[in-house]
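A.B. asks: Before I ask anything, here is the structure I am working with.
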Amino acid sequence: MSRDYLVSRAEAARILGVSDAAVGRIRAGNYPDGALTERYRLLVAVLQRAASKVETEQICASCPREECTGCRIAELD
C-alpha cells in the first residue's frame, strides 16, 4: 500500500473500531487477511473515489467551455 495515505492511522482505527496498532499492521501487510483487512481496503477505495471526484469537479468548475460535449473529464463522471 502507498505511504501517501488518504486517512490517518488514528482515523482509520476509529472508523473501523480497532486499535491504531491493528491499522498499522494492516498497512504494513502483517495482518492476516480477513474481514478487517477487507473493510480497510474498502475504506481506502471509497476515499480514493471521493478524492478523484473532487478533482474532476474542480477542473470542470474552472473550465471556460460552455458545453461538455466531447470533454474527456465530463465523460469520466
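Bear in mind these aren't lab numbers, they're just calculated from the coordinates by the rules spelled out. Quantities reported herein were computed from a predicted structural model and do not represent experimental measurements. For neighbour counting, all protein chains shown are included, and Cβ atoms are generated from backbone atoms with ideal geometry for every residue, glycine included.
A.B. asks: Read phi for every residue in the stretch 17-28 and hand back ³J(HN,Hα) as whole Hz from Karplus 6.51 cos²θ - 1.76 cosθ + 1.60, θ = phi - 60°, with x for Gly and Pro.
C.D. replies: After applying 6.51 cos²θ - 1.76 cosθ + 1.60, I find x, 10, 7, 4, 4, 5, 5, x, 5, 4, 4, 7 Hz.
A.B. asks: Of C71, A51, A22, which is farthest on the positive side of the dipole of the chain, counting Cα position, with +1 on Lys and Arg Cβ, -1 on Asp and Glu Cβ, and the Cα centre as origin?
C.D. replies: Going by the Cα projections, it comes out as A22.
A.B. asks: Here is a follow-up. In whole Hz, with x marking every Gly and Pro, tabulate ³J(HN,Hα) for the stretch 41-51 from phi via Karplus 6.51 cos²θ - 1.76 cosθ + 1.60, θ = phi - 60°.
C.D. replies: 4, 5, 4, 4, 4, 5, 5, 5, 5, 5, 5
A.B. asks: Once phi is turned into θ = phi - 60°, what whole-Hz ³J(HN,Hα) does the Karplus curve with 6.51, -1.76 and 1.60 give for every residue of the stretch 60-74, x standing for Gly and Pro?
C.D. replies: 5, 5, 9, 6, x, 5, 8, 10, 8, 4, x, 7, 5, 4, 4
A.B. asks: Whats the longest run of the chain with zero GluC sites (Glu not before Pro) that are DSSP loop and have at most 10 other Cβ atoms within 10 Å?
C.D. replies: Values: sites that count: E66, E67.
So the longest stretch without any such site is 1-65.
A.B. asks: Moving to a separate point now. Only one of the values [x] 20, 59, 20, 0; [y] 16, 39, 19, 18, 9, 0; [z] 18, 55, 21, 5, 1 was calculated from this structure for P(r) over Cα pairs in 10 Å bins from 0, in percent; name its label.
C.D. replies: So the structure-derived entry is [y].
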